[in-house]
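What follows is one structure encoded as structure tokens, with my remarks underneath.
The values are calculated or read from the model by the stated rules, or taken from the named source; none is laboratory data. As the structure is a computational prediction, the values presented were derived from the model and not from experiment. These area figures cover heavy atoms from the full protein model, side chains too; ligands, DNA and RNA do not enter into them. Shrake-Rupley method; radii C 1.70, N 1.55, O 1.52, S 1.80 Å.
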Amino acid sequence: AKLVTFNGKGKYSSPEFVWNTPVGPSALKFLTSEKLGEQYENDIFVGNVNQQNIYHFDLTKSRSALSLNGILADKISDTEDEREGTIFAEGLHRITDIEVGPDGNMYVLSHTWNAKDQYAREGLIYKISKNED
């Protein structure tokens, strides 16, 4: 594969994170809102089509890398148990996009799948917001 070199100034790195059990990453979003709580502001959220989850990752203070600790410090999710600690939301069907709305909430675009006939069924839009008591 031919990579863009940016006139010799480009830099390609090793993966920041690896799932050894494929998740089919399909969307990545930096949540630039504190609407879901300060603990999620400016964090990374990743959607997938296989496991139908959204994964949440903190960033380091310099915001230049994922902040991974414990069993994920090696930047690899080897098992489903290791993946559990990164799950933000489950059961959202086959996620294709994540956006932050003008209201600061997260919106997820997905669809259901008919495995037998291999085609998409219903298209879905989810709104993820914090309950305000």
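Across the accessible surface of the chain, with the other protein chains kept in place and a 1.4 Å probe, carbon and sulfur atoms take up 49 percent.
Estimated from helical segments only, the mean residue ellipticity of the chain at 222 nm is -500 deg cm²/dmol, where each DSSP H run of four or more residues counts as -39500 (n - 2.57).
Compactness ratio for the chain: Cα radius of gyration over 2.2 N^0.38 Å (N = residue count) comes to 1.17.
Take the Cα radius of gyration of region 1-54 and divide it by 2.2 N^0.38 Å, N being the number of residues; the result is 1.53.
Pairs Lys61/Lys127; Lys29/Lys75; Lys35/Lys127; Lys35/Lys75; Lys29/Lys61: which exceed 21 Å Cα-Cα?
Values: Lys61/Lys127 29 Å; Lys29/Lys75 19 Å; Lys35/Lys127 12 Å; Lys35/Lys75 28 Å; Lys29/Lys61 18 Å.
The answer is Lys61/Lys127; Lys35/Lys75.
Note that the chain presents 66 Å² accessible area per residue, ligands and nucleic acids not counted, probe 1.4 Å. Both radii come from the Cα set of region 37-86: Rg as radius of gyration, Rh as Kirkwood radius; their ratio Rg/Rh reads 0.97.
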